[in-house]
1. Working carefully through the options ALA53, ALA44, find the one that is of a type outside the set (Lys, Arg), modelled with pLDDT under 80, in contact with a Gly (Cβ under 8 Å, 6 or more places away or on another chain) and assigned to a helix (DSSP H, G or I).
2. Could you give every pair whose Cβ atoms fall below 7 Å, whose first residue belongs to the stretch 11-37 and is part of a helix (DSSP H, G or I), and whose second residue is exposed (fewer than 13 other Cβ atoms within 10 Å of the Cβ) and among the aromatic types (Phe, Trp, Tyr), counting only separations of at least 6 or pairs across chains?
3. Would you pick out the residues in the stretch 3-31 that are of a type in the set (Ser, Thr, Tyr), under 19 Å from CYS52 (Cβ atoms) and over 13 Å from the mean Cα position of the chain (by Cα)?
Amino acid sequence: MKQRLLTGWNVQRVLYVLIGGAIVIQSVINREWIGVLPGGYFAAMGLFAFGCASGNCYGGSCTSDAGSSLTKENTERTK
């Protein structure tokens with residue numbers, strides 16, 4: 001957990017923490033308590049590097065075995 005908090009920071013994570021924190025602060029000031037939930041969620045995404053804040057939602061870094069099994073089936077059918 002400590003390593004996840006201290007390493008891998010990029011601009012996107014910082015923005016998530018700052019914008020999420022601003023939403024939380026603004027919601028508390030205006031006493032709109034329901035706004036604390038989405039603000040807290042976005043701030044937590046940036047702090048703990050999960051979801052899109054960790055940088056895994058773009059760039060083709062997601063791995064899936066579904067495509068490889070489909071490709072194997074197609075090559076077997078064509079033989």
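The values are calculated or read from the model by the stated rules, or taken from the named source; none is laboratory data. As the structure is a prediction and not an experimental result, all values here were calculated from the model. Ideal geometry is used to build each Cβ from the backbone, glycine not excepted, and the neighbour counts take in all protein chains shown.
1. Selected residue: ALA53, the only one of ALA53, ALA44 that is of a type outside the set (Lys, Arg), modelled with pLDDT under 80, in contact with a Gly (Cβ under 8 Å, 6 or more places away or on another chain) and assigned to a helix (DSSP H, G or I).
2. What qualifies is SER27/TRP33.
3. Within the stretch 3-31, just THR7 meets the criteria.
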